[in-house]
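To start, the structure under review is shown below, and the notes come after it.
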Amino acid sequence: MAPTGIPAIRRVRVDPAGTHFASAFVLPAAGLPRLTPEEWVRASYEDVPAVLRELIRTGWTGVLGLRLGPRSSARHVAGWRMTETGPGRIALEARAPSLTVRNVVTVDGSRLLWATYVRYTGRSGRVLWSLAAPVHHLAVPLLLGRAVRRTA
């Protein structure tokens with residue numbers, strides 16, 4: 001357990017599955033609230049203070065150029081299009097002219113796995129993601145940890 005009383009969120013390797021970049025974070029399921037993958041993503045992206053939500057959205061749209069859908073749509077989570085959903089897994093995707101980002105959250109009996117896959121289109125996509133990746137590696141565990149604390 002982390003000092004905060006929640007299980008430690010660890011960065012792990014995942015198969016890039018034909019993409020240029022892949023990273024993932026894992027959290028043991030023991031002691032976690034029983035939420036669906038969609039509920040975890042919504043808690044991480046939507047159940048945050050408005051200022052933080054807008055800062056994140058500005059990074060996605062203003063920096064990466066991701067085209068997000070309507071936040072009020074049932075087929076989107078924080079503007080990310082749901083491309084796959086099921087009892088143990090959700091996949092969200094957003095595209096920009098120079099890259100496509102896919103977040104896949106899987107929950108099973110032993111863990112919660114949040115994986116991100118990025119496919120570049122040309123050199124500009126590679127440069128954009130190289131600037132965004134360090135922020136991504138800080139943001140996902142922070143948002144996920146916050147969601148765990150708020151739903152516990």
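The values are calculated or read from the model by the stated rules, or taken from the named source; none is laboratory data. If you're wondering where the values come from, they're calculated on a predicted model, not measured in any experiment. Please note: Cβ atoms are built from the backbone with ideal geometry, for glycine as well, and neighbour counts cover all protein chains shown.
In the list Leu52, Leu32, Leu27, which residue meets the criterion of being assigned to a strand (DSSP E or B), within 23 Å of Gly145 (Cβ to Cβ) and not charged (D, E, K, R)?
The conditions single out Leu27.
Is region 122-133 home to any residue that is over 17 Å from Thr58 (Cα atoms), among the aliphatic types (A, V, I, L, M) and buried (at least 20 other Cβ atoms within 10 Å of the Cβ)?
No - not one qualifying residue is present in region 122-133.
Only one of (1) part of a strand (DSSP E or B); (2) in contact (Cβ under 8 Å) with a residue 60 or more places away in the chain; (3) closer than 22 Å to Glu38 by Cα is not met by Ile90, so which one is it?
Unmet condition: (2).
One line per residue, one yes/no per condition, for (1) crowded, with 16+ Cβ neighbours inside 10 Å; (2) modelled with pLDDT of 95 or more:
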{"residue": "Glu46", "(1), (2)": "no, no"}
{"residue": "Ala50", "(1), (2)": "no, no"}
{"residue": "Leu55", "(1), (2)": "no, no"}
{"residue": "Thr61", "(1), (2)": "no, yes"}
{"residue": "Leu66", "(1), (2)": "yes, yes"}
{"residue": "Ser72", "(1), (2)": "no, no"}
{"residue": "Arg75", "(1), (2)": "no, no"}
{"residue": "Met82", "(1), (2)": "yes, yes"}
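Filter region 94-141 for residues that are part of a helix (DSSP H, G or I) and in contact with a helix residue (DSSP H, G or I) (Cβ under 9 Å, 6 or more places away or on another chain); which is nearest to Trp40 (Cα to Cα)?
Applying the filter and picking the extreme gives Val140.
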